Structures are given as C-alpha cells and as structure tokens.
Amino acid sequence: MINDFSWVLKVLDSCTTENHVITCENLFELFINKWKDSISYDKKIEIVSKFDKIKKGKILSIRKNLLLAL
C-alpha cells in the first residue's frame, strides 16, 4: 500500500496543469478503492489529508507559474 501511495504522490508531483491534477485525483480515488478493505478509518483520513494538502500546494504552484508566464 505504501508503495502505491508513494507512486500516486510522485504522479501528483509531476503534474504541470490543473487537468493533470484532476487526472491524479481520479488515480487517488482508484488507490483508495483498491485499499479500502485494508485501511483503517484513521489511516484513510491521514492519507486523504496528506494528498489534499500536497494537491493544494501543487495547484497553487501551477497557477503561480501561469501568472509568471504572462
């Protein structure tokens, strides 16, 4: 499970557009569905929180780069 989540985070880190981030959100949902029977509620909350925090930072970075390119 840890390797799968690390891979999802690597994919998120490689996103260069907001559409890429949306696709990565779908990938994250697939990850959650794959491991739903093996993840405790508390662990799921922790994982979702971490993903959301990194995702927000990535979106801000993408938007900042777009503004700098103008």
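The values are calculated or read from the model by the stated rules, or taken from the named source; none is laboratory data. Since we're looking at a predicted model, the values are computed, not measured. All Cβ positions, even for glycine, are placed from backbone atoms using ideal geometry, and neighbour counts span all protein chains on display.
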Going by the structure shown, is Thr23 in contact (Cβ under 8 Å) with a residue 24 or more places away in the chain, under 21 Å from Leu60 (Cα atoms) and of a type in the set (Val, Ile, Thr)? no
Filter result for Leu68 (part of a helix (DSSP H, G or I), surrounded by 11 or more Cβ atoms within 10 Å (Cβ to Cβ) and not hydroxyl-bearing (Ser, Thr, Tyr)) | no
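Working only within the range 46-70, note down all residues that are farther than 18 Å from Leu12 by Cβ and either among the small types (Gly, Ala, Ser) or at pLDDT 95 or above (or both). Explain how you work it out, then say what you get.
Taking the range 46-70 and keeping what is farther than 18 Å from Leu12 by Cβ, we get 67-70.
If the condition is that a residue be farther than 18 Å from Leu12 by Cβ and either among the small types (Gly, Ala, Ser) or at pLDDT 95 or above (or both), then Ala69 is the only one that fits.
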Val48 meets each of (1) surrounded by 15 or more Cβ atoms within 10 Å (Cβ to Cβ); (2) assigned to a helix (DSSP H, G or I); (3) β-branched (Val, Ile, Thr) with one exception, condition (1)
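Is the range 53-66 home to any residue that is in contact with a Leu (Cβ under 8 Å, 6 or more places away or on another chain) and free of Cβ contacts under 8 Å to residues at least 40 places away in the same chain?
no
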When you scan the range 4-16, do you find a residue that is out of contact with any Gly (no Cβ under 8 Å at 6 or more places or on another chain), at pLDDT below 95 and surrounded by 11 or more Cβ atoms within 10 Å (Cβ to Cβ), even just one? no
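Taking Asp42 as the residue in question, decide whether it is surrounded by 11 or more Cβ atoms within 10 Å (Cβ to Cβ) and out of contact with any strand residue (DSSP E or B) (no Cβ under 8 Å at 6 or more places or on another chain). Step through it out loud before you land on a result.
Details: surrounded by 11 or more Cβ atoms within 10 Å (Cβ to Cβ): no; out of contact with any strand residue (DSSP E or B) (no Cβ under 8 Å at 6 or more places or on another chain): yes.
Considered against the rule, which asks whether it is surrounded by 11 or more Cβ atoms within 10 Å (Cβ to Cβ) and out of contact with any strand residue (DSSP E or B) (no Cβ under 8 Å at 6 or more places or on another chain), Asp42 comes out as no.
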